[in-house]
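The values are calculated or read from the model by the stated rules, or taken from the named source; none is laboratory data. Bear in mind the structure is a predicted one, so any value in this text is a computation, not a measurement. With ideal geometry, Cβ positions are generated from the backbone for all residues, glycine too; neighbour counts draw on all protein chains shown.
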Amino acid sequence: MTPEFFPLEEAIPASARIPDYLEQREYLINGKLRSWAGELNPVASPIFVKTASGLTQKIIGSTPLLTSREALEALDAAVAAYDLGHGAWPRMTVIERIEHVERFLVRMREQRTLVVNLLMWEIGKSQKDSEKEFDRTCDYILDTIRALKELDRNSSRFIEEQGIMGQIRRVPLGVALCMGPYNYPLNETFTTLFPALIMGNTVVFKPAKYGVLLIRPLLEAFRDCFPPGVINIIYGRGRETVGALMETGKLDVFAFIGTNKGANDLKKLHPKPHRMKAILGLDAKNPAIILPDADMDNAVAECVTGTLSFNGQRCTALKILFVHKTVVAEFIKRYCEAITRLKAGMPWEPGVSITPLPEPGKTDYLKGLVDDALANGARILNPGGGTIDRTYFHPTVLFPVNDKMRIYYEEQFGPVVPIVPFDSDEEPVRYVLNSHFGQQLSIFGTDSKRIARYIDDFSNQVGRINLNTQCQRGPDSFPFNGRKDSAEGTLSVADALRVFSIRTLVAAKTTEGNKKIVGQILRNRESAFLTTDYIF
Ligand code: G3H
């Protein structure tokens, strides 16, 4: 990269600017924004700016480094608000809880510009993708409300089987800890946080490692729109804060998007793991298989976005490409041409695709993967591949990749693209069978028989098989899950409501006496649970 890559301060457009330094001291416990007087964690942007003394990394603010004490206070508030299921929130009617969430959504939309700009500055996500993340999250909350109304309508009736009548409803699980990832610090966090809340659980929420400041503009909305203790927001080092929460044994739900190692380490700390339900979105190494008869234009286009959108920092990204030997030369030529056209630059630049990486030490890690592949016989095929400029790592296409290399197994979560040539259809199958991960894969081809064989080989291995399409989470109504070290539980708009709740039923023999009691409860609206009231 040339030194021109990073901008002059004055060249940053007004629309992408954020306040000079955002010193955040506030955190939310029991409906109150408290101010932290202790140590702060500086927030370093992946973006450098040119100054008279050279390139300087932008330090855009700081966040509170709370200790286990504050974390436990947040937990106490959530435990009290849940009150063993007798708190106002878990006992509230569905329609009342929906009203709280709707109020929050109005307030959240008011913060769009600042949240989008913070996404750009904190994690380097392009403006277009940052806006998409914000809007998709608002849509997800709306869809969640719609799905809950539907669920409630379906529960508003009685069923009768074998002489027993019953009404089945979904009720909350208890106190949830929600933690999201840095690559989708708003979207993926809120896709567990809001289903957890709306089902009546109370929550301790700890924002991701990076993409933390962008929650700050929403703190007042959280405070004002939910009863005290229902949502508590803490900051600090994971080990100290979250570890302490786990050890109490008071968490009923653990919703975590991150690494399987992180999830394992934390789950082990719970003294009664069987009492804690885990919903996990973890690592993945999704392969694409490009067959000889694939539509090359489509395969290349899908693989470019599949491997490199948000610099490959998506759990669903294509992280290894198996290309049939008969077409590998053509695929590589076209793929490399296509990525040469990708624009690298600052997140706010129109049409930008490749941007600086937010994780400290990430470029060194990626360089390690590339060096290891080169030492084991791979070559870098694209112009500029392997170039590093501070937090920027230029897309790097490695070929031929084999099972001696780390990149064959490790999830790079960055713009390094390993290409494995293959002869027999068995080779990618063996790769998937032996992989520790099992999220998704993509097959590119046109021969229906061959594709069908692959579908059957893979259907017990991964959560989603994509045909002539890159891997992805959306549409959000589709199930999103994984096997092995890739996930626990299934998320989708409707599934998330299920994973944060449990079915409870009231059942009785269909006798005249019981019919009379139930009839009276319903007619006189004597119970919030046993009711046939219908939400319109
Ligand atoms: O990081 C993992 C995300 O769930 C991926 O979502 O496929 O919509 O980018 P996406």
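Couple of notes before you dig in:
- Matching option when the condition is more than 13 Å from the ligand (Cβ to nearest atom), among the hydroxyl-bearing types (Ser, Thr, Tyr) and either closer than 26 Å to ILE279 by Cβ or not in a strand (DSSP E or B) (or both), among THR144, THR137: THR144
- Per this entry, TYR365 is counted among residues that are surrounded by 15 or more Cβ atoms within 10 Å (Cβ to Cβ), in contact with a Gly (Cβ under 9 Å, 6 or more places away or on another chain), closer than 29 Å to LYS132 by Cβ and not aliphatic (A, V, I, L, M).
- Candidate set: region 476-501, residues that are touching a residue at least 24 places away in the same chain (Cβ under 8 Å) and of a type in the set (Asp, Glu); chosen: the one nearest to PHE458 (Cα to Cα): ASP485
- Any chance THR446 is away from the ligand (no atom under 16 Å from the Cβ) and either part of a loop (DSSP other than H, G, I, E, B) or not assigned by TED's automatic domain parsing to the domain that holds THR259 (or both): yes
To keep it simple, each residue is scored yes or no on (1) crowded, with 17+ Cβ neighbours inside 10 Å; (2) within 22 Å of the chain's Cα centre (by Cα).
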position	(1), (2)
LEU308	yes, yes
GLN313	yes, yes
LYS343	no, no
MET346	yes, no
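- Test result for VAL506, within 17 Å of LYS285 (Cβ to Cβ) and either part of a loop (DSSP other than H, G, I, E, B) or among the hydrophobic types (A, V, I, L, M, F, W, C) (or both): no
Listed here are the residues, each with its yes/no results for (1) touching a residue at least 12 places away in the same chain (Cβ under 8 Å); (2) within 16 Å of the ligand (Cβ to nearest atom).
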residue: LEU318; (1), (2): yes, yes
residue: HIS324; (1), (2): yes, no
residue: GLU330; (1), (2): yes, no
residue: ARG334; (1), (2): yes, no
residue: GLY345; (1), (2): yes, no
residue: GLY351; (1), (2): no, no
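- Residue-level analysis places SER477 among those that are over 30 Å from GLY345 (Cβ atoms), surrounded by fewer than 19 Cβ atoms within 10 Å (Cβ to Cβ) and under 28 Å from the mean Cα position of the chain (by Cα).
- Residues in region 272-279 include at least one that is under 17 Å from the mean Cα position of the chain (by Cα), within 15 Å of the ligand (Cβ to nearest atom) and either of a type in the set (Asp, Glu) or at pLDDT 95 or above (or both).
- Test result for VAL462, in contact (Cβ under 8 Å) with a residue 12 or more places away in the chain, surrounded by 14 or more Cβ atoms within 10 Å (Cβ to Cβ) and over 24 Å from VAL327 (Cβ atoms): no
- Helices (runs of 4 or more DSSP H) within region 1-109 that include 3 or more residues among the hydrophobic types (A, V, I, L, M, F, W, C) and touching a helix residue (DSSP H, G or I) at 6+ places or on another chain (Cβ under 9 Å): 68-82, 94-109
- The residues of region 280-307 that are within 12 Å of the ligand (Cβ to nearest atom) and more than 30 Å from PRO172 (Cβ to Cβ), listed by number, are ASN286, THR305, GLY306.
- Contacts under 7 angstrom Cβ, first residue in region 412-423 being closer than 18 Å to ILE289 by Cα and among the aromatic types (Phe, Trp, Tyr), partner part of a strand (DSSP E or B) and at pLDDT 95 or above, 6 or more apart: PHE422/PHE322; PHE422/HIS324
- Per the listing THR504, THR511, THR446, THR531, the residue uniquely touching a residue at least 24 places away in the same chain (Cβ under 8 Å), under 30 Å from GLY163 (Cβ atoms) and surrounded by fewer than 15 Cβ atoms within 10 Å (Cβ to Cβ) is THR504.
- Residue within region 392-407 that is touching a Cys at 6+ places or on another chain (Cβ under 8 Å) and more than 14 Å from PRO287 (Cα to Cα) present: yes
- Scan of region 267-299 for residues that are assigned to a helix (DSSP H, G or I) and crowded, with 23+ Cβ neighbours inside 10 Å, ordered by number: ALA299
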